[in-house]
Amino acid sequence: MVNAMSMEDIQATAYRLNVDLDPIDLHSIPLPAGEDLGILSDDDDLQNEYDSEFEEGFGNIIVVDNLPVVVKEKFEKLEGAVRKIYSQIGIIKEDGLWIPVDPDTHKTLGYCFIEFNTSQEAELAKEKTHGYKLDRSHKFSVYMFDDIDKYLKAPEEWAPPESKPYTPGENLQRWLTDEKARDQIVIRAGSDTEVLWNDARQSKPELVFKKDCWTDSFVQWSPLGTYLATLHSKGAVVWGGGATTFDKLMKFSHEEVKLIDFSPGEKFLVTYSNPNPRDTHNIKIFDVRTGKVMREFEGSADECTIRGASGVSWPVFRWGGGREDNYFARIGKNGVSVYETETFSLVDKKSMKLENVVDFSWSPTDSILALYVPELGGGNQPAKVSLVHILSKQELRQKNLFSVSDCKMYWQSNGDYLAVKVDRYTKTKKSTYTGFELFRIKERDIPTEVVELENKNDTIIAFAWEPKGQRFAVIHGDINNPRPDVSFYSMRSGRVSKLTTLKGKQANALYWSPNGHFIVLAGLKSLNGQLEFYNVDELETMALAEHFMATDVEWDPTGR
């Protein structure tokens, strides 16, 4: 800052210092060019700050062009339609929707300005509604307000864009090329987080990467192992790289994030935070590669999560469409809301009205939802399982179920079959028995079959489909008997048939090989880790093993 002096101050200072000013020609002193003489004033500092705010302050405003031109009487209807469309994407500020009107004709001018709470919401609105068809004659053209100046300054003549040399990125699947075919594991202890090679042939795992205070709460692998996510007070971060490197790939801004969930194909990341007055959107869906917010939702975890027999649980959404992550859905108050990930909007712009749905499950391969509605009216209205095709909204099949206590659905990995385990009350209502409703999804009219256990007093302890196959296995017996039976069934030849029953097996869990054919009958936890490797093709035991007090079993992806 420069201190300015008046002529009176200069003369007073000269008098005090005994300096004679008469010989000095002040007009002959050369001064810097410009009205401000090269001196930046305090006002200029403030103006620069204001200009900076001005330039950065319109990032949350969009311009929507190609609106209908309407008369005064239809203004409110147009405003309501525009507000309804854009309030689904983000929060419009108070007085944040302005539709200009011609003062002479009193008609709208065919465009409007919308101001959102954040620039992220504005960007999302532009991306999701550019090209949106309001009706046959009006297709939206949406622009950021900040881009108007850029368009005005566009050169008259086109020039080809400058090409940049391609630089290949890091191979995020390089760890899969490990010569020893090892998997990586992550371990947290105190503030340390370590990634290690898991090699059963070595007594100690080999360290790959170590970082202190890497996360504020926990770390989580993505479903295919491509990314490792960490959580922080300002949001989540995903890391990845080569076989031995973990670079920061993308940050996802969401204050006080508590939970995360990847879509099965790793394209999207869902984050959840507790209610926050600064950000009412508790749930956000991000594009993993770009970090863009694709959709935001309000509400507590209890309001948003799926309520099934086990109560409230995370994750909020269940994904459909296989590895492409084409759809995600959640149960609402009066139906199921299904969203498609091309525009992140509701399919057909509305939820499916299905009263009293308590559980649903996606087909692993097709756009089909299996929905379960329990009994109502004290048993006067039966329970039902419905199969609905999402794109056509057509109900492909419905099966009424009577005297139902509980119901669970199991899809075969190719989506060829659906098994519905139904627990039913006996006539006295004092006990239950279990059976299976089997749906042949790919056959005409989706025929169903019923399978009931020979001993109706048996409890189903475990169920598992053979991956990519036509067989399934069931552990059943007295829940207090440590040696239940294991039965194998086949769906081949158009009718379900039992292959064999193994009596008195020390097992409470089933683990098929990823390639089928073989299965592990596991006695976990209280059954002391008994493992039986069984060949279902030959119906014979291959080997017996024991891992004392084992709690989990996982096959190598190759099935070896």
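A compact table of results
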{"read-out": "Gain in span if fully extended, Lys408 to Arg136, counting 0.36 nm per residue against the direct Cα distance", "value": "93.4 nm"}
{"read-out": "Other-chain or far-sequence residues with amide H under 5 Å of Glu466's (modelled H)", "value": "Arg471, Phe472, Ala473"}
{"read-out": "Amide H partners (placed H, <5 Å) of Ala550, local residues excluded", "value": "Lys525, Gly529"}
{"read-out": "The stretch 374-456 - percent of accessible surface contributed by carbon and sulfur, probe 1.4 Å", "value": "45"}
{"read-out": "Lys349 - accessible surface, heavy atoms, 1.4 Å probe, Å² rounded to 10", "value": "140"}
{"read-out": "Integer Hz, Karplus 6.51/-1.76/1.60 couplings in order for the stretch 130-144, x for Gly and Pro", "value": "5, x, 5, 8, 6, 7, 5, 9, 10, 10, 4, 10, 10, 9, 6"}
{"read-out": "Relative contact order of the stretch 117-201, pairs being alpha-carbon contacts under 8 Å that are 6 or more residues apart, as %", "value": "13"}
{"read-out": "Karplus (6.51, -1.76, 1.60) ³J(HN,Hα), θ = phi - 60°, over the stretch 355-361, in Hz, Gly and Pro reported as x", "value": "5, 6, 5, 10, 7, 8, 8"}
{"read-out": "FRET efficiency, 1/(1 + (r/R0)^6) with R0 35 Å, evaluated for Asp149 and Lys72 via beta carbons", "value": "0.65"}
{"read-out": "Gained length - Ser119 relative to Glu255, 0.36 nm times residue gap less alpha-carbon distance", "value": "47.3 nm"}
{"read-out": "Nonlocal amide H pairs with Leu396, under 5 Å, H built at 1.01 Å", "value": "Leu387, Val388, His389"}
{"read-out": "Gyration tensor verdict on the stretch 155-196 (Cα atoms; rounded if a/c is under 1.5, prolate if a/b is larger than b/c, oblate otherwise)", "value": "oblate"}
{"read-out": "Per residue accessible area of the chain, 1.4 Å probe, in Å²", "value": "59"}
{"read-out": "GluC sites (Glu not before Pro) within the stretch 213-293: DSSP coil, no more than 14 neighbouring Cβ in 10 Å", "value": "Glu255"}
{"read-out": "Computed helical MRE - 222 nm, the chain, DSSP H runs ≥ 4 contributing -39500 (n - 2.57), nearest 500", "value": "-3000 deg cm²/dmol"}
{"read-out": "Relative contact order (%) - criterion: Cα under 8 Å, at least six apart; region: the chain", "value": "4"}
{"read-out": "Mean Cβ neighbour count within 10 Å, used as a protection proxy, ranking 157-164, 76-83 highest first", "value": "76-83, 157-164"}
{"read-out": "Projected area, mean over directions - the chain, Cα convex hull, nm²", "value": "45.4"}
{"read-out": "Tensor-based shape of the stretch 352-432 (alpha-carbon gyration tensor, a/c under 1.5 rounded, otherwise prolate or oblate)", "value": "oblate"}
{"read-out": "Stretch gain in nm, segment Ala159-Glu443, where the contour uses 0.36 nm per residue and the Cα spacing is subtracted", "value": "96.5 nm"}
{"read-out": "Computed label-point distance, nm, for sites Ser431 and Ser233 using a 7 Å Cα→Cβ extension", "value": "5.9"}
{"read-out": "Computed E for Gln88/Glu540 - FRET, C-beta separation, R0 51 angstrom, nearest 0.05", "value": "0.30"}
{"read-out": "Rounded if a/c under 1.5, otherwise prolate or oblate - the stretch 351-507, Cα gyration tensor axes", "value": "oblate"}
{"read-out": "Cβ crowding within 10 Å averaged over residues, with 431-444, 210-223 ranked highest first", "value": "431-444, 210-223"}
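The values are calculated or read from the model by the stated rules, or taken from the named source; none is laboratory data. Just so you know, these numbers come straight off a predicted model, no measurement behind them. Here Cβ is always computed from backbone atoms with ideal geometry, including for glycine, and neighbour counts include all displayed protein chains. Note: accessible area is taken over every heavy atom of the protein model, side chains too, but ligands, DNA and RNA are not part of it. Shrake-Rupley method; radii C 1.70, N 1.55, O 1.52, S 1.80 Å.
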